[in-house]
Amino acid sequence: MLRLSVVVASTLVAASALAQQPIALRDMGSFHVGGRHIEIKGQPTKEVVFTPGGVPAKIDPNGTYQVEQM
């Protein structure tokens, strides 16, 4: 019972501290681990309509891509 009271009390203290200060994001980034590059050549360019009645967008799948990374 004492352990439950300590957990509840510490949760209330933490909640009141969080309510006073907003959370701010200090930094954001990304990275890749491993993988390899592949090159796609000779594929035709396609026109794709993403929204009915929308303007077609040209999609060119040719190029170099990184695959199998984490």
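The values are calculated or read from the model by the stated rules, or taken from the named source; none is laboratory data. Computed from a predicted model, the values in this text were never measured in an experiment. Every residue, glycine among them, receives a Cβ derived from its backbone with ideal geometry; neighbour counts consider all protein chains shown.
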Would you confirm whether or not the stretch 8-15 contains a residue that is surrounded by 10 or more Cβ atoms within 10 Å (Cβ to Cβ) and either touching a Ser or Thr at 6+ places or on another chain (Cβ under 7 Å) or at pLDDT 90 or above (or both)?
no
Identify, please: which residue in the stretch 24-68 is in a loop (DSSP other than H, G, I, E, B) and aromatic (Phe, Trp, Tyr) and is, among those, nearest to the chain's Cα centre (by Cα)?
31
When only residues in the stretch 22-36 that are in contact with a strand residue (DSSP E or B) (Cβ under 9 Å, 6 or more places away or on another chain) and exposed (fewer than 10 other Cβ atoms within 10 Å of the Cβ) count, which is nearest to residue 68 (Cα to Cα)?
36
